[in-house]
Amino acid sequence: MRQRTRFAWFIDRARTGHHPNARKLEHKFSVSSSTARRDIDVLRGDLGAPLKYRRSLRGYDLTDRDWKLPTEATPGEIAVAIAGARALLARVDVQLAGRLDALVARLPEIPVAGAQLRALEVSSTRTHLVDDDVLLPLLEASAAQRRVRFLYLSPWQSGEARWREVSPWFVHHHDDHLYLHGQCHESQEGRVFSLAGMSKLERLTVLAKREPRDARSRLERSMGVGTGEPRWATVVLRGHWAKWVKSEIWHSSQEDRWLNTDTSAPALERRFRFELEDEVVRRLMAGGGDIEVRSPLSLRRALQLAFAAGAERNEIESTRDSSWAASKD
């Protein structure tokens, strides 16, 4: 509790413009200089406090004045979190919810398990596509903060599955699919993996690498599941598809405006942020000839290549069908 008192004092001083530092913390609470420095490291690293050191003022400033120290979960809050997670799973599969009960009963660190399970917002009707031998062990490894190893092949790619070793951070539900966000130790980068593409998942004894402070907030910055730097795209949608897409939210900060409103064929211009070009291309291909990419150029080229590849496949299939019909004659 004494450490939390020091945390609260430091954040309050930083919020009110008093620019606290390690020396002031040391003198205020009569602690060693190493303890004071460690407190600041915990605040900035483990707790994610937005503290910025101002060299000219020789102290720290709180860049987000609304930020508050995380509250310690009570047993009642943990129970509510687990019950909420179970209710979500029960909508999908009653047996899966029952397995969750057994899993939680075996976990020694219930608070960690509760936080992880609360983050799993399962509302998908396609969760049954995820192997039970993947989902539950993954949750268990995440709660114990251990790495996992699994065979992986993206559902949208061809080829052979490869082994990946990953520090799991959290599971995210997007576009009717479940995705694992974590540190891939082969690439040494944060990556996203579709749970539908995982198999033969193994729990390792190696400690997982800690989740970055901005890992979850990045999901709010752009369309999709993330993994890169957000960019802006501008597309024009025409025909009936434009009216359909108008009701879809691709990203919370998207900007829409109607063009050619004085004609019988108005078009919808949409500007939005994205990270993965492949994900945007898959969504735009549904529009067929009613879509125009104005920027960026790389997205326009990627969509053109996707349409060209589709046309080539259709031509091959058409030639094969014609040959088969001719052989029957």
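The values are calculated or read from the model by the stated rules, or taken from the named source; none is laboratory data. Since we're looking at a predicted model, the values are computed, not measured. Neighbour counts are summed over all protein chains in view; Cβ atoms, including those assigned to glycine, are modelled from backbone coordinates with ideal geometry.
Checking each residue in the range 137-152 for being at pLDDT 70 or above and among the aliphatic types (A, V, I, L, M) picks out 138, 139, 141, 144, 148, 151.
Among the residues making up the range 6-22, those that are without any contact (Cβ under 8 Å) to a residue 24 or more places away in the chain and either of a type in the set (A, V, I, L, M, F, W, C) or surrounded by fewer than 13 Cβ atoms within 10 Å (Cβ to Cβ) (or both) are 9, 16, 22. Scanning the range 31-62 for residues that are more than 16 Å from residue 8 (Cα to Cα) and in a loop (DSSP other than H, G, I, E, B) returns 32, 55, 56, 57, 58. Remark: residue 155 falls outside the filter, which requires a residue to be over 26 Å from residue 279 (Cα atoms) and at pLDDT below 85.
Restricting to the range 168-189, name every residue that is at pLDDT 80 or above and in contact with a His (Cβ under 7 Å, 6 or more places away or on another chain). Even if it seems obvious, please write down each step before you answer.
If we filter the range 168-189 for residues that are at pLDDT 80 or above, which is where we start, we get 168-169, 179-189.
169, 179, 181, listed by residue number.
Within the range 12-60, being touching a helix residue (DSSP H, G or I) at 6+ places or on another chain (Cβ under 7 Å) and within 22 Å of residue 211 (Cα to Cα) holds for 37, 39, 40, 43, 49, 51.
Residues in the range 287-299 that are at pLDDT 90 or above, surrounded by 17 or more Cβ atoms within 10 Å (Cβ to Cβ) and either touching a Pro at 6+ places or on another chain (Cβ under 9 Å) or in a helix (DSSP H, G or I) (or both): 299 alone.
Scanning the range 21-73 for residues that are among the charged types (D, E, K, R) and in contact with an Asp or Glu (Cβ under 8 Å, 6 or more places away or on another chain) yields 52, 54. Applying a threshold of 8 Å to beta carbon distances and a minimum spacing of six or more residues, or different chains, the list of pairs starting in the range 196-207 at a residue that is outside the structural domain of residue 144 (by TED's automatic domain parsing) and ending at one that is β-branched (Val, Ile, Thr) and surrounded by 13 or more Cβ atoms within 10 Å (Cβ to Cβ) is empty.
Of everything in the range 32-59, what is closer than 21 Å to residue 2 by Cα and surrounded by 18 or more Cβ atoms within 10 Å (Cβ to Cβ)? Give them in sequence order. Within the range 32-59, 36, 39, 40, 43, 49, 51 qualify.
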